[in-house]
Amino acid sequence: MAGRDERRDTTGSRGSRLLGCAALVGLAALGVLAFVLTGPDVRIHPTTGEEFGQLDAVRMLYLHVPMAVLMYVSYLLCAVASVGVLVKRTPWWDVMAHSAAEVGTVLCGLVLVTGSIWGRPVWNTWWEWGDVRLMTTLVLFLLFAGYLALRRTTADPRRQARRAAVVALVAVLDIPLVNRSVAWWENRTLHQQSTLEELKIEDLTLFTLMFGFLAFGLVVCWLILQRFRVGWLEQAAIDHGIEAAIAERRGETSPAELDAAVGGRDGPAGEASP
Amino acid sequence: MAELRRFLGDAWLVAARDLRIEARSRVVVDQVVPFALLVLVLFGLALDADHRTLRTFAPGLFWVAVLLSALLAVHRSASVDQSDGTLDALRMSGLPPSSLFLGKAAAVFVQLVLLEAVLVGGLLVLYGVEVVDPVLLVVAGLLAGVAVAAAGTLYGALASGLGVRETLLPILLLPVLAPVLIGATRAFDDALGAAAVDGWAWTGLLAVAALVVTVVGALAHGVLIED
């Protein structure tokens, strides 16, 4: 049980620890940029001379926008992995789909919460029922909440993988609606059109936003990697349990024989853990 | 052409079987339809409202009642295949999974149309609504029925065989049906004169939703029942 086996039983590796540290440093730097170095959004009305704008609430967007984009990325990764489940039928794709969906759902929840906190001072409401993007995002969250609920059922893993893949592929049909809703239903949304496409925003603001993508990108990579490894160990534990039970039924009662029969604690057959 | 005829013939076999089971067991007629009417009555009691308020909200309440009742109908449709190894027999029968899906969805659709007809009667009597555009009402009701039946059959198959089907089915199915709920409610807003919206535009959206769900369901059903 020394050295090699201990390493295999953890979800950390030198690379993932470095990635985790980089993600933490990135988040701290983003905090400094968003809350200290950049200024509030204050504009002067050309005729009346009054101050207006989002003021300090704009700082929330440095978190909200990158999280929303990475939510799309996570869910699209889940969709790709779900296609992989249906085509390749291997546990690797299944664990990847599950990991990406779980991280995507955490991000989706945070996007809804940060958006709501931002909306209170700017739109003067926590929640706007008439906003198409809010509605489609909430539906996306609920769709994947159902996906994760299906994941928690105790079905045969292969059946569950295929069912979950179908649910994920139906759920991601909502993503184009969320993303394009501000363009398709201009009159039915309080969300602004993308300002990034026209680069209307100032230098440091733009830099902070871009840095937000980088910092949250690192966090999401780290989370998906860790979740994948946990999922992989779960699968290995299930396989180990089944093989041990079979060996036991065969009357191989000696612990040494049992270990030899199940071949230690390797991952699911035919796949290599990253 | 012969293949299409055989495909539809297979679907018809399944639909006729499901409808025959329903005609003999009368679960939808005896339990689901009264449940839907009960939901309408509960809305009336909970809102403690006059006719004018109820008329304004009637389209939304109607479709919520339909969706809740559809859950029971879908549940019933999926559960008839669970007993006596029926699902295994269907798999062994050589019927294409897509025609099996279409047949089951068609049977649920017929039951939903019956349910909607009774509920419209409920709206007329209990909520005092007036039908302004009967053609729109029927077309929107039928298209939304197709979407609900197709999505319900897909997710019914998806949740079948799991111990937690009763609780899992609603949280899987209802978010998928949210766009149908919105489109059908807006179309009924127009058809019942409850709000000034373009009901036909929303009916177009319902048609797209019905088509997408039916195609996705027919394609995915093979994946779901082969295991």
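Worth pointing out:
- Filter result for the condition that a residue is modelled with pLDDT of 95 or more and either over 25 Å from A:Met210 (Cα atoms) or assigned to a helix (DSSP H, G or I) (or both), over A:Ser99, A:Ser116: A:Ser99
- Test result for A:Leu140, buried (at least 21 other Cβ atoms within 10 Å of the Cβ) and in a helix (DSSP H, G or I): yes
- Any hit, region B:156-166, residues being among the hydroxyl-bearing types (Ser, Thr, Tyr) and either surrounded by fewer than 17 Cβ atoms within 10 Å (Cβ to Cβ) or part of a helix (DSSP H, G or I) (or both): no
- Any hit, region B:30-44, residues being among the aromatic types (Phe, Trp, Tyr), part of a helix (DSSP H, G or I), touching a residue at least 24 places away in the same chain (Cβ under 8 Å) and more than 20 Å from B:Leu72 (Cβ to Cβ): no
- Any chance B:Phe62 is surrounded by fewer than 18 Cβ atoms within 10 Å (Cβ to Cβ) and in contact with a Ser or Thr (Cβ under 9 Å, 6 or more places away or on another chain): no
- Within region A:149-164, the set of residues being more than 10 Å from chain B (Cβ to nearest Cβ) and of a type in the set (A, V, I, L, M) is empty.
- Number of positions in region B:165-187 that are away from chain A (no Cβ under 11 Å) and over 15 Å from B:Trp200 (Cα atoms): 1
- Per-region count, region B:162-209, residues under 15 Å from the mean Cα position of the chain (by Cα) and polar (S, T, N, Q): 1
- Region B:65-85: number of residues that are polar (S, T, N, Q) and surrounded by 24 or more Cβ atoms within 10 Å (Cβ to Cβ): 2
- Condition met for A:Leu177 (surrounded by 18 or more Cβ atoms within 10 Å (Cβ to Cβ), more than 13 Å from chain B (Cβ to nearest Cβ) and modelled with pLDDT of 80 or more): no
- Tabulated pairs, region B:1-23, first assigned to a helix (DSSP H, G or I), second of a type outside the set (A, V, I, L, M) and at pLDDT below 90, C-beta under 8 angstrom, 6+ apart or interchain: B:Phe7/B:Pro96; B:Asp10/B:Pro96
- Note on region A:119-135: among residues that are part of a loop (DSSP other than H, G, I, E, B) and surrounded by fewer than 19 Cβ atoms within 10 Å (Cβ to Cβ), the one that is farthest from the other protein chains (Cβ to nearest Cβ) is A:Asn124.
- In region B:168-209, the residues that are farther than 18 Å from A:Tyr147 by Cα, crowded, with 23+ Cβ neighbours inside 10 Å and aliphatic (A, V, I, L, M): B:Val180, B:Ala184, B:Ala187, B:Ala191, B:Leu192, B:Leu206, B:Ala209
The values are calculated or read from the model by the stated rules, or taken from the named source; none is laboratory data. Note that this is a predicted model, so its numbers are computed, not measured. Using ideal geometry, Cβ is built from the backbone for each residue, glycine included, and neighbour counts are taken over all protein chains shown.
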